[in-house]
Structures are given as C-alpha cells and as structure tokens.
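Take a look at the structure below.
The values are calculated or read from the model by the stated rules, or taken from the named source; none is laboratory data. Fair warning: this is a prediction, and the values are worked out from it, not measured in the lab. Cβ placement follows ideal geometry from the backbone for every residue including glycine, while neighbour counts extend to all protein chains displayed.
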Amino acid sequence: MIKNPVKKEQLVKWVLVTFALSSLLFLFLIFIFILFEGLPLFHKIGLKNIILGFKWAPTKGSFGIFPMIVSSFLVTFGALIIGAPMGLSCAIYLAEYSGKRLKMFLKPALELLAGIPSVVYGFLGVVYIVPIIRDYIGGSGFSLLATSIILGIMILPTVISISFDALMSVPKTYREGSFAMGATKWQTIHKVVIPAAKSGILASFILGMGRAIGETMAVIMIAGNALRIPSSILDPLRTLTGNIALELAYATGDHRLGLFSTGIVLLVIIMILNYIANFGIKRKM
C-alpha cells in the first residue's frame, strides 16, 4: 500500500502513460505488419504498375488496382454528396433550433446510428434500396448509386456529431451581435455561425469520407463487385476494402501480397484524410 501521495500520483501517471503508449504500439505494429507484407510486391511489380494498372488478375501476374481506387473515391464522394447536407442540416437544427429536452433526446438517438453493424445496413440495402433502383431507375440495382446511399446514411453520426460540436463552439456574442444588426435567425446562421464553424464542419466531412472509404461489409453486399471503373451511377463496382475482404480467404503467394499492397494504399489514403481533418480541427481551435 502506497501511503505517500506524491508517489501514488506518480504511479497513476505512469500507469496512464503506459496504457497510452500501448495504444500507439498496437497502431505501430499493425502499420509495420502491413508494410512488411505488402512492400515486397511493390518492389517486384513496381509502384506504377500496381497503382496505375487497370487489370486485376493475380493468378496471371496482373495487380492493377486503379479501377478500385477510382471506385473507392466515387462511392466516398457519392456518400458525401448524400450524407453531408443531411448531417449538416441535422447539426444546425440541433444546435440552433431544437429545445433542450428535444436536443437531449435527438443527439443520442442520432449517434446510435454509429452502433448499428454495417451488415445490417448492407442487408437493408439489398432488401430495399437495390430493388427500388432496379425497378424504378434501371440496371441491376447493385450499383454506385445504391452504395453511395447506404454509405451516406452510415456517415451521418460522424458528420452530425462533429458539426454540432463545431457550431456549439461558436461564441454566443457572434449571434447576439448579428441579431443586434437586425439579421434574422437564418441570416445569422448562414452568414455568421456557419462561416465561424467552417473548419470543424469541413473536418466532419473529411472524417466522414474516411469512414466511408474504409467501409467493407455493406459495400460488398450492394456494390456488385465488378472489376472496372463505373461509367454511370447505375454500374456495379469494387472498392479497395471489398477486394481485400473478398479474396484474402483463399489468396496465396503473390496474390496474398497483392492484397496487402492494396491495404497499404488504403491505409495511406485514410491517414491523409485523417491528417487533413485534424489540421482543420486545429485551425478551428
């Protein structure tokens, strides 16, 4: 039993530091493992042939993932087009219009969307979204459009939560000064509050993009998994995450290394998006 308060405080400090460093250690080990498995193929095939290659046929020595990179960004931007306006609108309503009781109910309810398993979103997409697109718009239904809709819903908790915090961090004096100048509530929100919170709102969009580009199960279920660049929103596609999940179970040799190389590309993309988002948050602060 430690009786000295100073020593006890130091012990607690070092315990917390140990846990914090262990989290960083796990991240570092994952990063090293993926690099160790994926870099040999980059050296053997060439960075250009992998990233800019159009043909994915690992059994024949073709490891081009460019169509999957393009498809990943297309579904991500599609999700952002759908989810960003919805999420920002919800955040504005929660921050500026809803009462205290309604806010206490709505915010946790919206954040519960993040706790729904992705396979449930994929199942709902297969049962409802895909048939609607197939029957009323055209195509097979398994498409860029269906994937974007589902991912747009899935990024809502991220966009709403961070945008709400950004809007609430705007000082009340900004709003009071705008009202004193004769502006309406919407003019104040549009001209004063949103510009003041734009860095945090932008960060929420970028983190939502990171969430969408890293999604796997729901994408596999509704994307159609075609190895080509979609020429319309009704075409099927395959993303980087979908490619890894679909083929890793039976891949061997260079095929397996090719999937780890795909993971490296995906990891770099997500790290860049997170860095940009953190930079935006720091600017807001």
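Might you let me know whether the stretch 164-171 holds any residue that is of a type in the set (Val, Ile, Thr), out of contact with any Gly (no Cβ under 8 Å at 6 or more places or on another chain) and without any contact (Cβ under 8 Å) to a residue 60 or more places away in the chain?
Yes: one or more hits.
Residue-by-condition table, conditions (1) surrounded by fewer than 18 Cβ atoms within 10 Å (Cβ to Cβ); (2) in a helix (DSSP H, G or I):
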{"position": "204", "(1), (2)": "no, yes"}
{"position": "215", "(1), (2)": "no, no"}
{"position": "220", "(1), (2)": "no, yes"}
{"position": "256", "(1), (2)": "yes, yes"}
{"position": "264", "(1), (2)": "no, yes"}
{"position": "269", "(1), (2)": "no, yes"}
{"position": "276", "(1), (2)": "yes, yes"}
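Which residue, of 113, 106, 124, is at pLDDT 90 or above, surrounded by fewer than 22 Cβ atoms within 10 Å (Cβ to Cβ) and of a type outside the set (Gly, Ala, Ser)?
124
Is it true that some residue in the stretch 239-254 is crowded, with 22+ Cβ neighbours inside 10 Å, of a type outside the set (Phe, Trp, Tyr), more than 16 Å from the chain's Cα centre (by Cα) and modelled with pLDDT of 90 or more?
Yes; the residues of the stretch 239-254 include at least one that is crowded, with 22+ Cβ neighbours inside 10 Å, of a type outside the set (Phe, Trp, Tyr), more than 16 Å from the chain's Cα centre (by Cα) and modelled with pLDDT of 90 or more.
Taking only pairs six or more apart or across chains, which ones have beta-carbon atoms under 7 Å, a first residue in the stretch 134-163 that is at negative phi, and a second residue that is outside any helix (DSSP H, G or I) and of a type in the set (Val, Ile, Thr)?
143/233; 144/233; 145/233
With the condition kept exactly as written, say whether any residue in the stretch 195-215 is modelled with pLDDT of 90 or more, touching a strand residue (DSSP E or B) at 6+ places or on another chain (Cβ under 7 Å) and not charged (D, E, K, R).
No, the stretch 195-215 contains no residue that is modelled with pLDDT of 90 or more, touching a strand residue (DSSP E or B) at 6+ places or on another chain (Cβ under 7 Å) and not charged (D, E, K, R).
Answer yes or no as to whether residue 72 is polar (S, T, N, Q) and more than 23 Å from residue 219 (Cβ to Cβ).
no
Is there a residue in the stretch 153-170 that is crowded, with 22+ Cβ neighbours inside 10 Å and under 16 Å from residue 73 (Cβ atoms)?
Yes.
Which helices (runs of 4 or more DSSP H) does the stretch 87-200 wholly contain that include 3 or more residues that are of a type outside the set (S, T, N, Q) and in the same structural domain as residue 221 (by TED's automatic domain parsing)?
Fully inside the stretch 87-200 and qualifying: 100-111, 118-124, 130-136, 144-154, 156-168, 172-180.
Residue 170 - would you say it is β-branched (Val, Ile, Thr) and under 17 Å from residue 94 (Cβ atoms)?
yes
Output the residue which, of all residues in the stretch 46-65 that are part of a helix (DSSP H, G or I) and in contact (Cβ under 8 Å) with a residue 60 or more places away in the chain, is nearest to residue 148 (Cα to Cα).
It comes out as 51.
Scan 60, 13 and give me the residue that is in the same structural domain as residue 254 (by TED's automatic domain parsing) and among the basic types (Lys, Arg).
60
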